[in-house]
Amino acid sequence: MGKKTIEFFSSIQGVAEAFPISVAKENLPSWVNDARKDFLVAQKTQERGFQHIARCPGIFHLFNIGYIISMWFDLEITGSRITIPDKQINELLNKECFGTQYGNGIAKHIPKRPWSSKDILKINTPWHVMAPKDVKFLMIPIPYTDFFDFESCIGILDPGYSTEINVQGYLNKPNTFIKAGTPIAQLIPLTEKHYDVIVRDQNENDKLWLKKRKYLNFFSFQYPRHLIKKLYNKHVRDHFQ
């Protein structure tokens, strides 16, 4: 790991090859190409300065920053029933690959669209992120997508508190199928600096961190945020040298 590197590693071998975290600009929505082609045609007939979606910097700059998290297993939802291909997915992850934040419990104060489920679906992934000190990430829904069944919640991911990448989101249809490989969230580094990105399976140093983190998560009645951040910063600093 270098000082100008953000590293994503998977605790399950095979995921980094099959459904890697990828650079956002390499995963443009299908409509973007149609819009660009339309813009080129319009240039030949329209007056200079004409308005067109392809000229919107707010949208197209968004497509050029951050990273895309994709679904790493098939998930079928039929009403209140959620089905996965095989229970071994949970065994590989060493925990449930999905969870529910119930609308009458932890999620009851979160506003939802009138057509969304009152419950929040949490998708647990094998991904972790290691980043230079003080680099945080903004997680947002996939912007301007044509897949509306699942829409990730917005939040800040601070690796100093948790290196886990889990995606919580709204279910906008009672029956849906989220296929492995479907983009489900975008991670945007909250920094103006440029960082190279590495996506890989976990190595021995990662395993060491996960062992420490497992202990830190469970030794106290309260989540020890400051201690976790202190040890995370030390772990990352040691690997920058």
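The values are calculated or read from the model by the stated rules, or taken from the named source; none is laboratory data. What you see is a predicted model; the values in this text were computed from it and never measured. Every residue, glycine as well, gets a Cβ built from its backbone with ideal geometry; the counts of neighbours run over all protein chains shown. Side chains are part of the model used for accessible areas, which takes the heavy atoms of the whole protein and leaves out ligands, DNA and RNA. Shrake-Rupley method; radii C 1.70, N 1.55, O 1.52, S 1.80 Å.
Descriptive notes on the structure:
- Of all residues in segment 214-229, those satisfying the criterion of being closer than 13 Å to residue 158 by Cβ and either modelled with pLDDT of 90 or more or open to solvent by less than 70 Å² (accessible area, probe 1.4 Å) (or both) are 228, 229.
- Selection count, segment 17-31, where residues are over 14 Å from residue 60 (Cα atoms), aromatic (Phe, Trp, Tyr) and over 14 Å from the mean Cα position of the chain (by Cα): 0
- Just one residue in the set 106, 110 is modelled with pLDDT under 95, farther than 15 Å from residue 171 by Cα, in a loop (DSSP other than H, G, I, E, B) and not charged (D, E, K, R); that residue is 106.
- Counting only residues that are acidic (Asp, Glu), surrounded by 16 or more Cβ atoms within 10 Å (Cβ to Cβ) and over 11 Å from the mean Cα position of the chain (by Cα), segment 152-196 holds 1 of them.
- Among (1) of a type in the set (Asp, Glu); (2) assigned to a helix (DSSP H, G or I); (3) open to solvent by less than 40 Å² (accessible area, probe 1.4 Å) - the single one residue 34 does not satisfy: (3)
- Taking segment 5-19 as the range and being buried (at least 18 other Cβ atoms within 10 Å of the Cβ) and either of a type in the set (Gly, Ala, Ser) or under 24 Å from residue 134 (Cα atoms) (or both) as the test, the residues that pass are 6, 7, 8, 9, 10, 11, 16.
- Members of segment 76-92 that are in contact (Cβ under 8 Å) with a residue 40 or more places away in the chain, more than 19 Å from residue 182 (Cα to Cα) and either open to solvent by less than 90 Å² (accessible area, probe 1.4 Å) or among the acidic types (Asp, Glu) (or both): 79
- If you go through segment 126-151 and pick out every residue that is in contact with a Pro (Cβ under 7 Å, 6 or more places away or on another chain), within 22 Å of residue 194 (Cα to Cα) and surrounded by fewer than 17 Cβ atoms within 10 Å (Cβ to Cβ), you end up with 0.
- Residue list for segment 218-230, filter: closer than 11 Å to residue 161 by Cβ and either acidic (Asp, Glu) or in contact with a helix residue (DSSP H, G or I) (Cβ under 9 Å, 6 or more places away or on another chain) (or both): 223, 224, 227, 228
- For segment 206-223, the tally of residues that are more than 24 Å from the chain's Cα centre (by Cα) and in a loop (DSSP other than H, G, I, E, B) stands at 4.
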